[in-house]
Amino acid sequence: MRYSILAVALVAASATAQVQPSPWSYFQDEVQTKGLLMAFVEAADGTQFILKCDKSGKRSVYAMVTSPKKLGRPGPIPASRTVTYRFDGGPPEDGAWRYYEQYAVALHTTRDRALVKLLERFGDAKQMELRLEPLNGAPITVLFEIAGAQDAIARVFESCEDENPVG
């Protein structure tokens, strides 16, 4: 009897250890994007990293980082600025993103491969550190918990009917 209780406890502990809650949240906006899926993670300071599309189709998915701090100038024309990212404390890598007033965007277009460059680095990483370079202000460094990113990436690309460049 004692061995079977121990065996049940070990099986339960093993199952609990394998199921990790995902830091990713999902949202479908029925009004603006007609139900297309968006995936996001939120840092401790409220900054969000979001994968989404506004309409379905080829090269429609993009990444954006929203910030409570001002990043760029107001207006419809963004400034191209550097974003530095590193995964699980690995080496830093730079990308050129478009900076708007309260957010920065990595696109996946014919000429702009900032999103692909970023997504290729995700792998099985647990954390992503982003360093934003605001137009007028000190650099902002944000740490995101991103375990399970490959699933989030696949779900967003599928919902957007876009070809996943890393999957």
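Each reported figure results from applying straightforward, stated rules to the coordinates on display, with no laboratory input. Model, not experiment: these values are computed from the prediction. Virtual Cβ from ideal backbone geometry, glycine too; neighbours counted across all protein chains shown.
Numerical summary
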{"read-out": "Pairs of Lys in region 19-137 closer than 26 Å at Cα, counting only those 8 or more apart or on different chains", "value": "13"}
{"read-out": "Nearest-20 debye value, the chain charge dipole, Cβ charges on Lys, Arg, Asp, Glu", "value": "260"}
{"read-out": "Of all DSSP beta bridges in the chain, antiparallel share, percent nearest 5", "value": "100"}
{"read-out": "Helical mean residue ellipticity (222 nm; -39500 (n - 2.57) per DSSP H run of 4+; nearest 500) of the chain", "value": "-7000 deg cm²/dmol"}
{"read-out": "Debye-sum result for region 22-159 in log10 I(q)/I(0), which assumes one identical scatterer on each alpha carbon, at q = 0.09, 0.11, 0.16, 0.18 Å⁻¹", "value": "-0.24, -0.37, -0.81, -1.05"}
{"read-out": "Spin-label proximity, residue 25 to region 143-165 - amide N less than 20 Å from point 7 Å beyond Cα toward beta carbon", "value": "143-157"}
